[in-house]
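Structure first, then comments.
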Amino acid sequence: MSRKAKYYAESTGSPARRRRRKRRREEEKERKIPSWVYRVAVVLIVAVAGLVLWVNRDGLTPENMVNWVQERVVGLGIGDGYPVPITGSQVMARNFISENGEITMVSDTHLTTLNSTGKELCSRQHSFSFPVLRLAGGRSLVYNLGGKGYQIETRTKTILRGDADGNILGGAVASNGHYALLTENTDYLGRLTVYTETNEKQYEYSFSSCYPAAAALSADGSQALVCGVYAEGGAFASSLYLIDLNSSQTVEPAASFPETTPVDAFWYGDGSAAAVGDKLTAVVTPSGSVVQYGYGGWLLNSYAGADGITAIGLSPYSNAASGKLVLLDSSGSEKRSIPLSGEPDAVSLSGNTVAVLVDGTVYAYSIADGVLFAQAEAGEDAVSIALANESSVYILGVSEIRTASLNG
């Protein structure tokens with residue numbers, strides 16, 4: 001219809017009909033988005049994309065982009081659901097870790113990653129007698145504790161299989177792909193060696209006053225927390241080192257703790273860190289202060305760390321019918337102390353949720369207010385748990401992996 005004919009058609013008819021046409025034209029004008037809005041939106045999208053590319057320019061290598069695409073493709077697909085049998089005969093509790101909704105575990109024979117539907121995303125064999133898993137940024141560091149072998153894995157490929165210069169005492173991996181090994185050394189008590197994501201040596205430091213036993217790396221791989229153990233007065237004691245990996249200066253301990261053996265270490269995204277020991281936990285605040293939280297004679301049963309929160313599961317004595325779950329924030333303060341009806345066999349963190357395994361049952365609490373909002377049966381053979389998100393949990397059984405909902 002020509003513009004003239006359209007005008008004639010709209011100008012004819014009854015007054016009521018003309019009014020309805022006029023109202024429709026006005027509504028169409030109101031609904032029509034001005035063209036300048038689209039132009040502004042395009043400019044904003046380009047600006048944001050440019051900012052993202054600039055911030056992540058160091059990691060946007062062709063290899064990293066190809067790896068990203070490959071991992072997205074591997075992650076597609078639906079499995080047959082849970083339970084899923086364990087590949088191998090045993091998975092230790094500390095080798096059962098959730099990241100980005102997936103579960104990664106190391107058994108006595110394999111490294112395996114599963115998605116939320118039970119699809120196998122990764123399965124790699126190892127030959128370590130005492131395997132330990134460290135996971136961050138989609139990279140798995142698996143090392144043979146007390147041996148020399150280690151390997152770096154992603155979901156799509158093996159990055160490296162290697163042997164350290166000495167027996168491995170501990171290890172850590174950062175979300176940017178840098179990783180660290182703590183090893184025995186013939187000239188010193190131990191050595192920290194940090195490597196880049198391309199397996200080039202970034203930093204090396206030798207310890208003459210302690211055996212390094214646990215380590216954590218900052219997300220950008222620029223700092224390390226190392227916990228060492230030494231003998232003092234006929235008992236074990238521990239020391240905590242904060243190390244700038246861009247400096248060559250000698251490092252003095254930031255703190256020392258008598259009658260304490262280091263167990264594990266965490267470095268959080270807010271710049272805080274935590275060293276978990278058998279008698280106390282030391283929190284390093286974002287400003288670098290070290291704050292101790294002693295257990296008061298209670299036994300350490302389980303622990304976890306994420307997003308500036310360190311969760312500690314304690315019991316008054318072995319095989320006790322009670323326990324408590326303590327949450328420490330990034331200032332080292334006790335944020336929550338939750339009484340439990342039994343020993344906390346395992347604990348996991350995700351967002352505002354902390355979950356604890358007690359006598360075959362998973363209890364989920366809000367970190368913000370400490371309120372119990374859900375519980376689920378885990379099974380009598382449950383060994384450990386790992387939150388997939390704030391409303392579901394992976395359960396490690398003796399021979400299989402299960403899931404449970406925590407929707408209340």
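Nothing in this text is a laboratory measurement; each read-out follows from the coordinates by a stated rule. Just so we're clear, the structure is a prediction, and the values are computed from it rather than from any experiment. Please note: Cβ atoms are built from the backbone with ideal geometry, for glycine as well, and neighbour counts cover all protein chains shown.
Local charge sum around residue 159 (other residues, Cβ-Cβ under 10 Å, Lys/Arg +1, Asp/Glu -1)? Working shown, then result.
Numbers: positive: 139, 157, 161; negative: 153, 197.
Neighbour charge sum, excluding residue 159 itself: +1.
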Exercise. Which of the peptides 351-357, 143-149 is most tightly packed, and how do the rest follow, judged by the mean count of other Cβ atoms within 10 Å per residue?
Worked result: 351-357, 143-149
Seminar exercise, completed: Taking 214-227, 358-371 and ranking on average Cβ neighbours within 10 Å, highest first, one gets 214-227, 358-371
For this session: Give me the net charge of residue 94's neighbourhood, meaning all other residues with Cβ under 13 Å from the Cβ of residue 94; Lys, Arg count +1, Asp, Glu -1.
Result: -1
Problem set entry | Distance (nanometres) between label positions extended 7 Å along Cα→Cβ at residue 186 and residue 400 | 5.2 nm
Exercise. Using alpha-carbon pairs under 8 Å, 6+ residues apart, how would you state the relative contact order of segment 155-219 in percent?
Worked result: 31 percent
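Sort the following peptides by mean Cβ neighbour count (other Cβ atoms within 10 Å, averaged over residues), highest first: 86-93, 290-297, 206-213. Walk me through the numbers on the way to the answer.
Values: 86-93: 16.9, 290-297: 14.8, 206-213: 18.5.
Averaged packing, sorted descending, gives the order 206-213, 86-93, 290-297.
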Problem set entry | Sorted by Cβ density within 10 Å, fewest first, the residues 178, 110, 126 | 110, 126, 178
Exercise. Cα convex hull of segment 85-233: mean projected area in nm², to one decimal?
Worked result: 9.4 nm²
For this session: Mind grabbing the base-10 log of I(q)/I(0) for segment 207-339 at q = 0.10, 0.14, 0.15 Å⁻¹? Debye formula, identical points on the C-alpha positions, no solvent, two decimal places.
Result: -0.31, -0.60, -0.68
For this session: Please report 94, 124 as a ranked list, fewest other C-beta atoms within 10 angstrom at the top and most at the bottom.
Result: 94, 124
For this session: Compute the length gained on full extension between residue 307 and residue 377: take 0.36 nm times their separation in residues and subtract their Cα-Cα distance, giving the result in nm to one decimal.
Result: 22.5 nm
For this session: Please work out the FRET efficiency for the pair residue 94 and residue 249, using the Cβ-Cβ distance as r and a Förster radius of 56 Å; give the result to the nearest 0.05.
Result: 0.95
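Please work out the Cα convex hull volume for segment 67-405 and give it in Å³ per residue.
Output value, Cα hull per residue: 130 Å³.
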Seminar exercise, completed: The distance between the Cα centres of segment 91-126 and segment 258-273, in whole Å, is 24 Å
